[in-house]
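J.: One structure follows; several queries about it will come next.
The values are calculated or read from the model by the stated rules, or taken from the named source; none is laboratory data. Everything numeric here is computed off the predicted structure, so don't read it as measured data. Note that we place each Cβ from the backbone using ideal geometry, even for glycine, and neighbour counts take in every protein chain shown.
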């Protein structure tokens, strides 16, 4: 049950306009080394203004070098073929706010939140990669706070690492950590990490993000752009023009990545939002996300570039009808878009919040979205006809052969968290079931990280804290 937003003609028009923008308007790249690399690769470079322009012909040549699929690996040796046909989840385990189950109110994250959400992500078989926002925890008030959260995160999962470095120092720490994770092996060939490189909309690659791009490609790590234009403030106030700008920013960075290292993996990603022109607030999870998600996936696939789409998400920090409706709509859209990886499981509160229970709930909604995406098959029609003939007018199908055959199949949807009893007084709520599931998944958890790597991580962080005077 695929939903299309853009026609083939619209896709081609956006792609042509993208080429015109990159060739005639260009991109500001605030890094001398990359300016020289771009000039050497054939781009038109003005070093005084730091502007880079790429002709349509050269752009197409560079985009042809982007791998159609690539392997992401965890330290457990498990490999995930992104772009290979199976859809995976990219999880995130913390945000500036956590929606607390007991109080039902947003609060700042603590270490236990990081640990719990990392475990939930590790135990979800659809999750291929896990990332953590570089944000402090309330348990520690000193400069080590964010690092303490990173340590707990690393000690509890063995999947692929999504690196969201907030500084060059933070990225260098990740490279040091990578040596521990690869246990002295070749980090550059490990395929252990995907590195986020931010674009400042509109059309700027800053010096720090240029360095992140160079660091990622030097190690063969997948590059994923952080592109978040806000319609009305950092992009035009229309869905189509913001879509165009996001595509320009994605495609320019993809081309620049290939200039630096031909064949380096690249994951198309786009997170637009809408500026509330009355209040000035940035609204990340409006219903406009639905056509945007599908359209960006359609564009990425037209370039044969692997793509990511946000999965759930809601503007609300509450477990209410609005959050349920928004999250399920977004989940259904992301799953049916055909994106190679869907990200942000558990996200809420306008993309500034996360909830352990919402991680579990949205995982269940993903199952529902997959079920709905299958539509209705006609494989049982012949058997059904025989059943109707056998039972005849006024018969019943309680013990019919087809009933017995499908009784424990997936013919009808049966979510583990949903109330399917049809009752009221004794039936547990979806939220309560989710909280019980969180407790079950985290109780008695044993980390899959090999003990020698755990010891190496603990030594690394111990020495780092000591150096910081903590």
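J.: Which residue is nearest to residue 42 (Cα to Cα), if the candidates are limited to region 260-288 and must be touching a helix residue (DSSP H, G or I) at 6+ places or on another chain (Cβ under 7 Å) and crowded, with 24+ Cβ neighbours inside 10 Å?
T.: The qualifying residue nearest to residue 42 (Cα to Cα) is 266.
J.: For residues that are in contact with a helix residue (DSSP H, G or I) (Cβ under 6 Å, 6 or more places away or on another chain), outside any helix (DSSP H, G or I) and in contact (Cβ under 8 Å) with a residue 40 or more places away in the chain, tally how many sit in region 223-259.
T.: Number satisfying all stated conditions: 5.
J.: Still on this structure, I have one more. Kindly indicate which of 271, 184, 220, 280 is at pLDDT below 95, within 22 Å of the chain's Cα centre (by Cα) and in a loop (DSSP other than H, G, I, E, B).
T.: The conditions single out 271.
J.: Answer yes if at least one residue in region 47-55 is outside any helix (DSSP H, G or I) and without any contact (Cβ under 8 Å) to a residue 12 or more places away in the chain, and no otherwise.
T.: Yes, there is a match, as at least one residue in region 47-55 is outside any helix (DSSP H, G or I) and without any contact (Cβ under 8 Å) to a residue 12 or more places away in the chain.
J.: Being in contact with a helix residue (DSSP H, G or I) (Cβ under 7 Å, 6 or more places away or on another chain) and assigned to a helix (DSSP H, G or I) narrows it down to one residue among 301, 293; which is it?
T.: 293
J.: Okay, next question. Can you report the number of residues in region 369-403 which are touching a residue at least 24 places away in the same chain (Cβ under 8 Å) and surrounded by fewer than 18 Cβ atoms within 10 Å (Cβ to Cβ)?
T.: Here the count works out to 7.
J.: From 158, 165, grab the single residue that is closer than 18 Å to residue 80 by Cα and either surrounded by fewer than 16 Cβ atoms within 10 Å (Cβ to Cβ) or in contact with a helix residue (DSSP H, G or I) (Cβ under 8 Å, 6 or more places away or on another chain) (or both).
T.: None of the others qualify; the one that does is 158.
J.: While we're looking at this one, here's another question. Inspect region 48-70 for any residue being touching a strand residue (DSSP E or B) at 6+ places or on another chain (Cβ under 7 Å), within 23 Å of residue 306 (Cα to Cα) and buried (at least 16 other Cβ atoms within 10 Å of the Cβ) and give the result as yes or no.
T.: The answer is yes, given that some residue of region 48-70 is touching a strand residue (DSSP E or B) at 6+ places or on another chain (Cβ under 7 Å), within 23 Å of residue 306 (Cα to Cα) and buried (at least 16 other Cβ atoms within 10 Å of the Cβ).
J.: Regarding region 308-328, can at least one residue be identified that is farther than 30 Å from residue 103 by Cβ and at pLDDT 90 or above?
T.: yes
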